[in-house]
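Undergrad: Can you keep this structure in mind? I'll have questions shortly.
The values are calculated or read from the model by the stated rules, or taken from the named source; none is laboratory data. Bear in mind the structure is a predicted one, so any value in this text is a computation, not a measurement. So basically every Cβ, Gly included, is an ideal-geometry build from the backbone, and we count neighbours across all protein chains shown. Each accessible area value is taken on the protein alone, full model and side chains, heavy atoms only, with ligands, DNA and RNA left out. Shrake-Rupley method; radii C 1.70, N 1.55, O 1.52, S 1.80 Å.
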Amino acid sequence: NAGVTQTPKFQVLKTGQSMTLQCAQDMNHEYMSWYRQDPGMGLRLIHYSVGAGITDQGEVPNGYNVSRSTTEDFPLRLLSAAPSQTSVYFCASRTGGNAGANVLTFGAGSRLTVL
Amino acid sequence: AQSVTQLGSHVSVSEGALVLLRCNYSSSVPPYLFWYVQYPNQGLQLLLKYTSAATLVKGINGFEAEFKKSETSFHLTKPSAHMSDAAEYFCAVTSWEYGNKLVFGAGTILRVKS
């Protein structure tokens, strides 16, 4: 059972380039989300999805795009990378419904550097 | 705005000493509270969660946390620190006031000295 799989683990981009961070889960979770982790700021929610075809913005959505065409996959797209997007990105999923009752399972993270 | 505050971005304890990591939250309704741990270069793992069943919650690796409504706190403790406890710890909260989303504190890095 792989859980939540993120690729790539590391990526270096130049300013203005675009890329996609991949996230896949094999637990049939309805809810999927992307967080970014920055020193001293904890994890901040970028985008989330409560099911295939449904996405919504989190706390820091600007500069990122998502889609959810299947239950398993939830890619995060950086449209035009900026140095401020240098961060560690985590994908997390859980069963649907109450966020308090259903625990998030996290991927191992993707470290992105934008030069 | 709803928030989670972790007092102390870095905490240093000696091996065998008490670990106390502080977390305060804002919520006018009963919240769900979590502690996660992140070991170096890894994702987050759940340590424990509070869902109103009992105010003292026991988690993995000997950690526990006590929910105190009057103090809006959910501090994490462990009686005796081990070198393997060195990691970053995150407190997180959710309720309908948070839009059913999990909101994290800034994190506390725990250092354990031999």
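Undergrad: Using the Cα centre of the protein assembly as shown as origin and beta-carbon charges of +1 (Lys, Arg) and -1 (Asp, Glu), tell me which of B:Leu56, A:Tyr89, B:Phe67 is placed farthest towards the positive end of the dipole.
TA: A:Tyr89
Undergrad: Chain A: Rg/Rh from Cα coordinates, Kirkwood Rh? It would help to have the intermediate numbers written out before the result.
TA: On the way: Rg = 13.3 Å, Rh = 14.0 Å.
Answer for chain A: 0.95.
Undergrad: On a full-extension model of 0.36 nm per residue, what is the gain between B:Met83 and B:Leu20, subtracting their alpha-carbon distance, rounded to one decimal in nm?
TA: Values: separation 63, 0.36 × 63 = 22.68 nm, distance 1.51 nm.
Additional length available on full extension: 21.2 nm.
Undergrad: Could you size up the charge dipole of the protein assembly as shown around its Cα centre, putting +1 on the beta carbon of Lys and Arg and -1 on that of Asp and Glu, and report it in debye to the nearest 20?
TA: Working: 17 positive and 14 negative charges, 64 e Å.
So the dipole magnitude of the protein assembly as shown works out to roughly 300 debye.
Undergrad: Over the whole of A:34-41, what's the average partner chain Cβ count within 10 Å per residue? Rounded to a whole number, please. Show your work: numbers first, answer last.
TA: Working: counts 0, 3, 0, 7, 1, 5, 3, 4.
Average neighbour count from other chains, rounded to a whole number: 3.
Undergrad: Also, quick follow-up: Express the carbon and sulfur contribution to the solvent-accessible surface of the protein assembly as shown as a percent, rounded to the nearest whole number, probe 1.4 angstrom.
TA: Details: 5550 of 10560 Å².
Roughly 53 percent, rounded to a whole number.
Undergrad: Also, quick follow-up: Would you work out the charge dipole size for chain A about its Cα centre, treating the Cβ of every Lys and Arg as +1 and the Cβ of every Asp and Glu as -1, and quote it to the nearest 20 debye? Write down the numbers at each step before the final one.
TA: On the way: 8 positive and 7 negative charges, 70 e Å.
The dipole magnitude comes to about 340 debye.
Undergrad: Right, another one. Per residue, how much accessible surface does chain A expose to a 1.4 Å probe? Answer in Å², no decimals.
TA: Values: 5120 Å² over 115 residues.
For chain A, the per-residue accessible area is 44 Å².
Undergrad: Let me ask another. Is the shape of chain B rounded, prolate or oblate, going by the alpha carbon gyration tensor and its root eigenvalues a ≥ b ≥ c, with a/c under 1.5 for rounded and a/b larger than b/c for prolate? Write out the running numbers ahead of the final one.
TA: Details: a/c = 1.96, a/b = 1.66, b/c = 1.18.
Prolate shape, in that a/c is at least 1.5 and a/b is the bigger ratio.
Undergrad: Using a simple charge model, +1 on the beta-carbon of Lys and Arg, -1 on the beta-carbon of Asp and Glu, nothing else, what dipole does chain B show about its Cα centre, in debye to the nearest 20? Please list the in-between numbers first.
TA: On the way: 9 positive and 7 negative charges, 7 e Å.
About 40 debye.
Undergrad: Still on this structure: Take a quick pass over the protein assembly as shown and tell me how many lysine pairs come in under 27 angstrom between Cα atoms, counting only ones 8 or more apart or on separate chains.
TA: 16
Undergrad: Turning to a different aspect of this structure: Across peptide B:89-101, how many C-beta atoms of other chains are within 10 Å of each residue C-beta, on average? Write down the numbers at each step before the final one.
TA: Numbers: counts 0, 3, 1, 4, 2, 5, 3, 3, 0, 2, 5, 7, 8.
Average neighbour count from other chains, rounded to a whole number: 3.
Undergrad: Another one. Average partner chain C-beta neighbours within 10 Å, per residue of B:22-35?
TA: Working: counts 0, 0, 0, 0, 0, 0, 0, 0, 1, 1, 6, 1, 4, 0.
Whole-number average of other-chain Cβ neighbours for B:22-35 is 1.
Undergrad: While we're looking at this one, here's another question. Remind me, relative contact order of region B:1-50 in percent, using alpha carbon pairs under 8 angstrom and six or more residues apart? Before the final figure, lay out each step's value.
TA: On the way: 47 pairs, mean separation 14.8, N = 50.
So the answer I get is 30 percent.
Undergrad: Interface size between chain B and chain A, please: total buried accessible area, 1.4 Å probe, rounded to the nearest 100 Å². Please list the in-between numbers first.
TA: Values: alone 6210 and 5910 Å², together 10560 Å².
It comes to approximately 1600 Å² buried between B and A.
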